[in-house]
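First up is the structure itself, then whatever we jot down about it.
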Amino acid sequence: MMIPIEYYLILSAFMFIVGVTGVLTRRNAIIVFMSIELMLNSANLTLVAFSSYLGNSVGQLFVFFVMTVAAAEAAVGLAIIIAIFRNKLTMNIDEINILKW
Amino acid sequence: MNLEIILFVIFGTIAAVSSILMITRSNPVISALFLVLNFASLAGLYLLLHAQFIAVAQVIVYAGAIMVLFLFVIMLLKPEHDKLFSTYPLIKKFAIVIGILVFIQLAYMIFLTKPSSTENPSIQASIKAGTIEQIGLELYSNYILPFEAAGYLLLAATIGALVLAKKKFE
């Protein structure tokens, strides 16, 4: 274990911030979903780093459950995107505002 | 320079650069491929952390299954090249400023608290924690209820995706 854990945490924080910036700036719904996956993965990196440095495997179990939730979220989210695209013929989330009052 | 540091620099650089390229490309297919590269380099980082099972699951589940699903949807729907960013230009600047501020805050907190000074990692314990034997033991003994709940979650997601994508709703 030559590398201090701070390096992994900094890399994870950087990827999380890139994901947040992607969600806030991009207007394509699929890119927004991919940015969310990026944020989930940065959280996974933090969990695995702490789990490995503490010698405790529960953190990696949590990564397993996060992967399950991410798979479910991707399936349902992409189905919602397909349903919206059928109705409005767009993926731009500025134009999908039927729930906006 | 030993091999571990060199590999960390290589994988970390690939992960950071590909994540930036992912949110700045206008073509969604290229974005998705950069995200696959990001996931693959993360699998390499997991191997450096002695998490064998998670590294394999990362490649199979994320880079394999989830990203293929994304690519299918991108290629089924009409790709939109023209409008890269929002129609409100203020949002972009605001998001970048907020991102930089939060990153500085996180980095400050990480280096202030120095998590590496309080723990003494032993390689043996770390390798043991990452084996599929140890993870399976925990999963089927202490965490059997969340495991069953994850199964029901996947079932519900499958049914929900089928119902949503099946036909037009009026």
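The values are calculated or read from the model by the stated rules, or taken from the named source; none is laboratory data. No experiment lies behind these values; they were computed from the predicted model shown. Counting neighbours? That spans all protein chains shown, and the Cβs are built from the backbone with ideal geometry, glycine included.
So which pairs qualify, if the first residue must be in the stretch B:142-168 and without any contact (Cβ under 8 Å) to a residue 12 or more places away in the chain and more than 16 Å from A:VAL76 (Cβ to Cβ), the second must be basic (Lys, Arg) and part of a helix (DSSP H, G or I), the Cβ gap must be under 6 Å, and the two must be at least 6 apart or on different chains?
Matching pairs, first to second residue: B:LYS168/A:ARG86.
Out of the stretch A:9-59, which residues are surrounded by fewer than 24 Cβ atoms within 10 Å (Cβ to Cβ), under 30 Å from B:ALA125 (Cβ atoms) and touching a residue at least 40 places away in the same chain (Cβ under 8 Å)?
Hits for the stretch A:9-59 are A:LEU9, A:PHE50.
What pairs come out if I take residues in the stretch B:45-74 that are more than 15 Å from B:ALA32 (Cα to Cα) and pair them with residues that are acidic (Asp, Glu) whose C-beta lies under 8 Å away, six or more apart or interchain?
B:LEU48/B:GLU4
To keep it simple, each residue is scored yes or no on (1) touching a Leu at 6+ places or on another chain (Cβ under 6 Å); (2) under 28 Å from B:ALA51 (Cβ atoms); (3) at the interface with another protein chain (Cβ under 7 Å from one of its Cβ atoms); (4) assigned to a helix (DSSP H, G or I).
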{"position": "A:LEU24", "(1), (2), (3), (4)": "no, no, yes, yes"}
{"position": "A:LEU38", "(1), (2), (3), (4)": "no, yes, yes, yes"}
{"position": "A:SER42", "(1), (2), (3), (4)": "no, yes, no, yes"}
{"position": "A:VAL48", "(1), (2), (3), (4)": "yes, yes, yes, yes"}
{"position": "A:TYR53", "(1), (2), (3), (4)": "no, yes, yes, yes"}
{"position": "A:GLN60", "(1), (2), (3), (4)": "no, yes, yes, yes"}
{"position": "A:VAL63", "(1), (2), (3), (4)": "yes, yes, yes, yes"}
{"position": "A:ALA79", "(1), (2), (3), (4)": "yes, no, yes, yes"}
{"position": "A:ILE82", "(1), (2), (3), (4)": "no, no, yes, yes"}
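Just a yes or no: is a residue in the stretch B:60-67 closer than 26 Å to A:ASN56 by Cβ and either within 8 Å of chain A (Cβ to nearest Cβ) or modelled with pLDDT under 85 (or both)?
yes
Can you find a residue that is within 30 Å of A:LEU54 (Cα to Cα) and exposed (fewer than 15 other Cβ atoms within 10 Å of the Cβ) anywhere in the stretch B:150-166?
Yes: the stretch B:150-166 contains one or more residues that are within 30 Å of A:LEU54 (Cα to Cα) and exposed (fewer than 15 other Cβ atoms within 10 Å of the Cβ).
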